[in-house]
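Read the structure below first, then the notes.
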Amino acid sequence: MTGWSRTRRVFVEMLREEWRLHSHLFSGRRFSAFPVLITLLVAGAVELLVRTGTELTTVFAGLHALAFVFGIQTGSIGFVGRDALRNLLGDLTLLVFSARTLPLSQKRLLAVFVVKDVVYYACLFLLPIALGVAPAVLRAQGATAAGSVATTVPLLWATLTATFVLGIGVTIAGVGISNRGVSGAALLGLGAVLAGGAWIANLPVIAYTPYGVFRSPTPVRVGGALGLVGVVYLLGAVAYDVNARRDARTVRSTFRHWQRRIRDPLATKTLLDVHRSSGGFWKVLFSAAILLGVTDALVDLAGQITGVSPSVGVSFGAILGLSGFTTYNWLTQFDDVDSYLAHPVDVPEIFHAKFRAFLLLGPLVGVVFYAIAVFWRGAPLVEALVGGVLLVGVSCYIFGVTVYLTGLSPNEFLFDTVLFAIFGVAMGLPLVPILVVGFALAPVSLPVSGALGVGGVALGGVGVALYRRALPKWTAHHRQ
């Protein structure tokens, strides 16, 4: 068998492996309906946004931002989240980690893995997203709608896919450079400074990204976007060392010290698991930082399109509250109920420990980044306070909904069609009205601010109530 034949066979088997893993983990046949659900959700969200005054250009920008973040998250799971994969899937050897048993180099396996991810998720996620925009384009274009959809949807799919590819490449390059010690850290710092300087100077950097190609698909922009993707992957290929091994770490016995402060051994264990996993607490901060960057870009774009300066407090508070899901996800990545069966603890105690750990980590991280946003952009005192209340309320609400729906397995509902639909509705009902106020009705009047503050407190109360209702539900489930 030739090298090309082996590569093609591994690619096909990786695709099958990905599908089997998802269908096995996420409710079998219901998983196959997931692309249909994505199309319907996107169509409904776009329709709602357009009817509330949001321009389609803003929607397209937001979709590209989400594709970029999704690419970064996908790359981070594949390349730096091996311990999380091990805890999620058990003692399995995936094809991407099988260089010792296959006649293929580790670099080629990783390259095939990236191509597989691009093909798989472009069809599973990005194509349904592009199709979901079609009804809004049809209505907006009038008599020329058919021709417009025939060109807009394929172009959107292509640029969303390219943005996703760019996100994966940024992760690969970032991981490779960060493993180069002091020189790598200096290079990353220089890149961050240059990117920030270009943003502050309003240089037309976005024009030469896949999103710039979508807005105006000229040959110059297409060449610039392809060049950007090529440079990122070239940098990743040079910097990423497939044979790199983490140095053995010696950790101090900090359990008793942490427990004296936290006063809960199970919550202490949960926080130590996150601290000692790949990336430590930095991955929690990284997730919140990505959300902060996306929110900042959306607020800027919404202000340009609508001509109204959005409310910093309401907008950032509500969106940064979404970091509660990623925080809870990290807190449950490294164990499950079965791992506690050898200890004299019951199921409610495990959930109580997760709740305490969440309260110590989730809202705190969100508030830190929210304070950065308020300091950077400025906000009236009342709106800043209301935004803080919304952040904590939304964060606790998401925690309660997630625990009630998924227990200690929040990953499992991401691709479960029914659970994801319920989660989407549960998030949309309170968040959409809040974001409409934050983006379109600023400056927020005092009575509306008061109502939003009360709403934030109510959301937190609903989240705690759902969490309490979840305890008997999951106790009965794990006793079966």
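Summary of computed values
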| quantity | calculated |
| --- | --- |
| Modelled FRET efficiency - R0 35 Å, Lys107 with Ala186, Cβ distances, 0.05 increments | 0.85 |
| Cα-based reach from Lys116 at 22 Å (exclusive), listing lysines while leaving out same-chain residues under 8 positions away | Lys107 |
| Cα-Cα P(r), segment 336-446, percent of pairs per 10 Å interval | 11, 33, 31, 18, 5, 1 |
| Neighbourhood net charge (14 Å Cβ-Cβ; Lys/Arg +1, Asp/Glu -1) for Pro204 | +2 |
| Residue among Asn411, Val367, Pro380 farthest towards the positive dipole end of segment 344-435, charges placed on Cβ | Pro380 |
| Packing-based ranking, highest mean first, of 448-461, 393-406 given that Cβ atoms within 10 Å are counted | 393-406, 448-461 |
| Solvent accessible area, Å² - Glu18, 1.4 Å probe, full protein context | 30 |
| Hits among lysines - C-alpha to C-alpha of Lys473 under 23 Å, sequence gap 8 or more where chains match | Lys354 |
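The values are calculated or read from the model by the stated rules, or taken from the named source; none is laboratory data. These numbers were taken from a predicted model, which means no experiment stands behind them. Neighbour counts run over all protein chains shown; Cβ positions are idealised from the backbone, glycine included. With ligands, DNA and RNA removed, areas are computed over all heavy atoms of the protein, side chains included. Shrake-Rupley method; radii C 1.70, N 1.55, O 1.52, S 1.80 Å.
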